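The values are calculated or read from the model by the stated rules, or taken from the named source; none is laboratory data. Predicted model only: the values in this text are computed from it and were never measured. A quick note on method: Cβ atoms are made from the backbone with ideal geometry, for glycine too, and the neighbour counts reach across all protein chains shown. These accessible areas exclude ligands, DNA and RNA; they are computed on the full protein's heavy atoms, side chains included. Shrake-Rupley method; radii C 1.70, N 1.55, O 1.52, S 1.80 Å.
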Amino acid sequence: MSKSYLGLALGGGGARGAAHIGAIQTLHSAGVRPDIIAGTSAGSTVGAMYAATLDPKWIEERFREFMGDDSFRQFNSGELLDGRNQETFLKKVTSKVKQHYMVILGLNKSFVASRKILEKAVDYLLPVDTFEELKIPLKILATDIHTGGDVVHEEGDIKEAIVRSSSIPGFFEPTHNDGRLLVDGGVTAPIPIEILKRKVSVVMAIDITNYSVKPLENPNMIEIVRRADIITSLRLKERISKDADILIRPDVLGLHWSEFGKFDYLLDSGRDAAKRALDSLVKTPPDADHIYYDLFRSLK
């Protein structure tokens, strides 16, 4: 079986996923249409919305509606656990949290927020229920925390697949399924390029990773260990991104995955990054036998 031509890999990044929307808007306007999409975490949501509608403007509008809805207010500020502590979820689990609190919490709980919060958000955002309703094939990645293996969803209940792919370890409730414990696909495939390499001739990837790190001030043991893990993860993502044939990397302003207040900035950043990638292709037109030739010809 011959390969499809263009695959689009959408990485994870929580709120930074708004940059995916802007980039896809630019690509769509330019006439670029992927033959297949792979998405992790935030990338799975945006990828599914695009694959279902082929309407990136609608995706932006739907997200704006979501951010004004009660579903988003719960997602953005749901109470911790059983309500004993009134501080909001995102304030507790991001860098703002006190380290001793996380140690106590981690010894007694395997997650902070119920998956129901994700379920409501995904149900609001997505206009279809199954992979079979999509207009473009889509692969959604989750991780089995027991084995460290990838779990690829590509048929059946698409909303359940997105919830599994978006369950940030330690924050959102993991999914128990047939002896597996499923969490965010970003653990093993932060930018799902590899799965597309086997399926397409050209992989275009959108990397919304926050690569910036700030100096630690009087770090304790937990902060040092956590920073070491972050550095390892960033090195891995940097290496993975190099496997893309065309890489789009929006400026995400050093934002944490939980910072939803920069939607418009991230949208514009995604548009600009995609435009730069396409402009680069136009400035150096490929020969007829070059791998990028079909992509070049598709540009409006």
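What does the charge count near A288 come to, summing +1 for each Lys or Arg and -1 for each Asp or Glu among other residues with Cβ under 15 Å from its Cβ?
Charge balance in the 15 Å sphere: -2.
GNM, the chain, Cα, under 10 Å: largest mean-square fluctuation among L27, L118, L236?
L236
Of R16, R64, which has the most accessible area and how do the rest follow, probe 1.4 Å?
R64, R16
First select every other residue whose beta carbon is under 12 angstrom from the beta carbon of T188; then total the charges, Lys and Arg +1, Asp and Glu -1.
Within the 12 Å Cβ shell, the charges total -3.
Which aspartates and glutamates, if any, have their Cα less than 20 Å from the Cα of K283, not counting same-chain residues under 8 positions apart?
Within the straight-line limit of under 20 Å, K283 reaches these aspartates and glutamates: D245, D272, D294.
With every protein chain left in place, what is the accessible area of E61 in Å² (1.4 Å probe, nearest 10)?
90 Å²
With every protein chain in place, what's the accessible area of R276 (1.4 Å probe, Å², nearest 10)?
140 Å²
Name the long-range amide H neighbours of H256: under 5 Å, sequence gap of 5 or more, or other chain; modelled H, no Pro or chain starts.
Hits under the 5 Å cutoff: none.
Summing +1 for each Lys or Arg and -1 for each Asp or Glu, what net charge is found among the other residues whose Cβ lies under 14 Å from the Cβ of E61?
It works out to a net charge of -2.
Sort I208, I246 by heavy-atom solvent-accessible area, probe 1.4 angstrom, most to least.
Details: I208 0, I246 25 Å².
Final ranking, largest accessible area leading: I246, I208.
Exceeding 21 Å between C-alpha atoms, which entries from my cross-link table qualify? They are K135/K275; K135/K159; K57/K262; K159/K275.
K135/K275; K159/K275
Roughly what % of Cα-Cα distances in segment 223-300 sit above 13 Å, to the whole percent?
Pairs farther apart than 13 Å: 76 percent.
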